[in-house]
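Let me begin by presenting the structure, written as structure tokens, before commenting on it.
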Amino acid sequence: MLAMSTPISLELSINDDRVRASVPAHWTLLELLRYELGLTGTKQGCDKGDCGACTVLIDGKPQLSCLILAANAEGKKVQTIEGLQPAHRKAGGVGLDPVQDAFDRCGALQCGFCQSGMMLSARALLNENPTPDRTEIRQALSGNLCRCTGYTQIVQAVELAIAESTGAEPESPSWSDGNPWKSTTSLSGKNGGDA
Amino acid sequence: MLRLPQFTLERPTTIEEAIQLVADANGRGRFLAGGTDLIPNLKHEFIEADVVVALGGIEALRGIEVTAEGGLSIGPLTSLVDIAESADVQRIAPALAQAVGTIAGPQHRQMGTIGGNVMLDTRCQWINQSHFWRSSLGFCLKKDGSACHVVEGGKRCVAAASNDSAPALATLAATLDFQKAPTEYGNGKRTLAFDELFKADGAWNKKVSADELLTRIHIPATPVGHKGGYAKLRMRGSIDFPLLGVAARLDVDGEGVIEHADIVVIALQARPLRVRKASALLVGAKLGAASYDDALAAVMVAAYEQCHPLPNIPGDHEWRQEMVPIYVKRALAAAIA
């Protein structure tokens with residue numbers, strides 16, 4: 001009756017790579033990414049859609065890879081955290097994706113477990129709306145839980161990325177006496193991928 | 001980590017194939033839409049399936065159309081974000097747009113579908129847990145057990161209907177088309193009034209069976225003076241299921257006098273609850289006048305008396321009852337705004 005564990009052959013687009021994979025029908029996209037393709041940047045948190053750690057972009061929209069069957073990702077463009085910098089470079093950018101760079105400089109992490117999902121949700125927001133206000137940022141990140149930072153530096157990081165991309169003066173962060181961003185120019189380029 | 005049990009996956013492209021595949025599974029088949037409810041429930045093993053029929057390839061199940069009469073015809077596979085952001089839904093059925101906009105978090109609204117939210121399984125602190133957790137405590141009425149951990153000696157599951165869209169669709173007098181595989185007795189199609197969908201049994205709170213596919217949601221045209229709103233109580237401003245959800249409908253005439261009022265509450269029991277005694281008090285009151293303020297005060301008391309939350313979802317149930325009048329007031333304010 002049941003064709004137990006019979007793998008199904010899938011052809012997927014992951015970070016603009018065409019990938020052929022063969023996994024059991026009951027594997028989630030998260031399991032395919034982590035255990036078949038070795039893309040462990042996508043984190044396995046609650047595994048039931050509560051935490052957002054497994055967020056990936058599907059056709060540009062943040063979705064939860066723990067709740068999507070791998071087979072249902074066929075025919076769609078999947079972007080994981082591993083694809084963020086290559087996509088930035090491919091579009092003519094230098095260094096890290098500005099969101100990654102800003103998260104780094106703002107210290108928008110402690111344990112880092114939520115960070116992949118956070119940055120992908122932020123990237124999807126900025127692709128759709130390059131100048132969101134704080135409320136829109138908080139709403140866009142509201143499906144990603146962070147247990148360490150209290151979110152302040154995460155929101156500041158997104159605001160820094162926005163300010164630098166629009167050429168605006170970045171706001172002084174609440175945790176700094178002076179404005180560490182004030183005299184810097186195109187940090188995302190200088191900082192490069194070596195940070 | 002929570003792994004899915006094994007199953008056979010089918011990916012049909014027509015409604016007819018999909019319903020036949022589930023029928024052929026003899027009660028062990030399930031339709032998969034957005035997956036935000038079914039996948040966790042399969043992982044928790046209180047829903048079991050040998051065959052999962054993914055609906056994503058069926059284009060006939062998608063889309064939002066305005067009908068010739070000025071109502072809405074909605075494909076159940078339409079994503080929640082598309083419903084919430086649709087200008088047509090916001091105009092014709094504002095309570096639905098508001099309610100759907102509060103469902104879970106941004107990722108869930110991208111993935112989840114309106115049909116999936118209508119057909120959402122009931123929730124209870126004692127069932128939305130892993131198989132190991134439930135086996136340690138002892139299984140309950142919802143699945144595999146004969147005891148209820150909420151109501152001592154209870155014989156009927158009281159898991160709470162938790163779909164935000166349900167009270168909104170109830171106030172909008174929606175109708176639902178269902179289809180299952182044809183038999184010698186009929187073509188398998190039927191249309192239900194939204195109020196007829198639910199029954200007061202949390203183990204399975206629908207009057208349709210799991211092999212019946214929701215194929216269309218119809219919302220009749222709303223009058224010019226239609227106002228609708230939704231207010232939701234939850235622990236956090238995102239991700240959470242409702243601890244209480246209130247949808248309000250007011251149809252007013254040209255003078256602002258309320259001709260028709262309806263209030264439906266969710267997350268109290270296994271089915272949505274219409275607080276008819278409360279909403280009836282609004283009819284005849286005039287928006288912005290003292291008569292409305294008087295009616296509102298009476299409505300809040302009446303709703304409080306009619307709603308009795310159970311201690312089976314997070315949040316103290318007595319506090320949740322205290323919140324009923326507040327959220328009735330907020331839903332009405334959202335409707336009028």
Global geometry of region B:236-336, whether rounded, prolate or oblate, following the gyration tensor of its Cα atoms and the 1.5 cut on a/c: prolate
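For B:Leu137 and B:Glu322, what does the FRET efficiency come to when R0 = 25 Å and r is the distance between their Cβ atoms, rounded to the nearest 0.05?
Approximately 0.30, to the nearest 0.05.
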Expected vector for region B:54-62, Karplus 3J(HN,Hα) from phi with 6.51, -1.76, 1.60 and θ = phi - 60°, integer Hz, x for Gly and Pro, equals 6, 8, x, x, 9, 5, 5, 8, 10
Of the residues B:Ala99, B:Gln321, B:Gly256, the Cα lying farthest along the dipole of chain B towards its positive end, which is defined by charges on the beta carbon of Lys, Arg, Asp and Glu, belongs to B:Gln321
Is the shape of region A:85-190 best called rounded, prolate or oblate, per the rule: a/c under 1.5 gives rounded, else a/b larger than b/c gives prolate, else oblate, with a ≥ b ≥ c the square roots of the Cα gyration tensor eigenvalues? rounded
The lysines whose Cα lies under 21 Å from the Cα of B:Lys286, excluding any fewer than 8 residues away in the same chain, are B:Lys227, B:Lys277, B:Lys329
To the nearest 20 Debye, how big is the dipole of region A:1-54 about its Cα centre, given +1 on the beta carbon of each Lys and Arg and -1 on that of each Asp and Glu? 60
Using +1 at the C-beta of Lys and Arg and -1 at the C-beta of Asp and Glu, which of B:Val301, B:Gly288, B:Asn312 has the Cα lying farthest in the positive direction of the dipole of region B:248-314? B:Asn312
Residues with amide H under 5 Å of B:Thr215's amide H, sequence separation 5 or more or different chain, H placed in the peptide plane at 1.01 Å from N; which? B:Asp177, B:Phe178, B:Gln179
Determine, from the Cβ-Cβ distance of B:Gln129 and B:Ser209 and an R0 of 22 Å, the FRET efficiency 1/(1 + (r/R0)^6), rounded to the nearest 0.05. 0.30
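For region A:1-90, run through the GluC sites (Glu not before Pro) and keep only the ones in DSSP coil with at most 12 other Cβ atoms within 10 Å of their Cβ.
Sites meeting the loop and neighbour criteria: none at all.
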In whole Å, what three semi-axes, largest first, describe the equivalent ellipsoid of region B:150-211 built from its Cα gyration tensor (square root of 5 times each eigenvalue)? 26, 18, 8
Once amide H atoms are placed 1.01 Å from N in the peptide plane, what residues at a sequence separation of 5 or more from B:Arg123, or on another chain, have their amide H within under 5 Å of its amide H? B:Ala160, B:Ala161, B:Ser162
Virtual spin-label span in nm between A:Asn129 and A:Lys77, 7 Å along Cα→Cβ: 2.2
Could you let me know the centre-to-centre spacing of region B:166-218 and region B:42-85, using Cα atoms, in angstrom? 13
Local net charge near B:Thr13, Cβ-Cβ under 15 Å (Lys/Arg +1, Asp/Glu -1): -3
Cross-link list B:Lys142/B:Lys199; B:Lys143/B:Lys206; B:Lys43/B:Lys232; B:Lys155/B:Lys199: which exceed 18 angstrom alpha carbon to alpha carbon? B:Lys43/B:Lys232
Please give the per residue volume of the convex hull enclosing the alpha carbon atoms of region A:9-81, rounded to a whole number of Å³. 73
How many nm separate the modelled label positions at B:Thr13 and B:Asp88, each set 7 Å beyond the Cα in the direction of the Cβ? 2.5
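Express in nm, to one decimal, how much length is gained between B:Ala298 and B:Gln6 on full extension, taking 0.36 nm for each residue of separation and deducting their alpha carbon distance.
Here the answer is 99.7 nm.
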Normalise the Debye intensity by I(0) for the protein assembly as shown, one equal point scatterer per Cα, no solvent, then take log10 at q = 0.13 Å⁻¹ and round to two decimals. -1.33
Projected-area mean, chain A, by convex hull of Cα positions, square nanometres: 11.6
In angstroms, what radius of gyration and Dmax does region B:1-154 have, counting Cα atoms only? 17.8, 56
Could you pull the Rg and Dmax for chain B, using just the Cα atoms, both in Å? 20.0, 62
State the number of lysine pairs found in chain A whose Cα atoms come within less than 27 Å, restricting to pairs 8 or more positions apart or on distinct chains. 14
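Every number in this text was worked out from the coordinates using simple rules, so none of it is lab data. Because the structure is a prediction, the values reported are computed rather than measured. With ideal geometry, Cβ positions are generated from the backbone for all residues, glycine too; neighbour counts draw on all protein chains shown.
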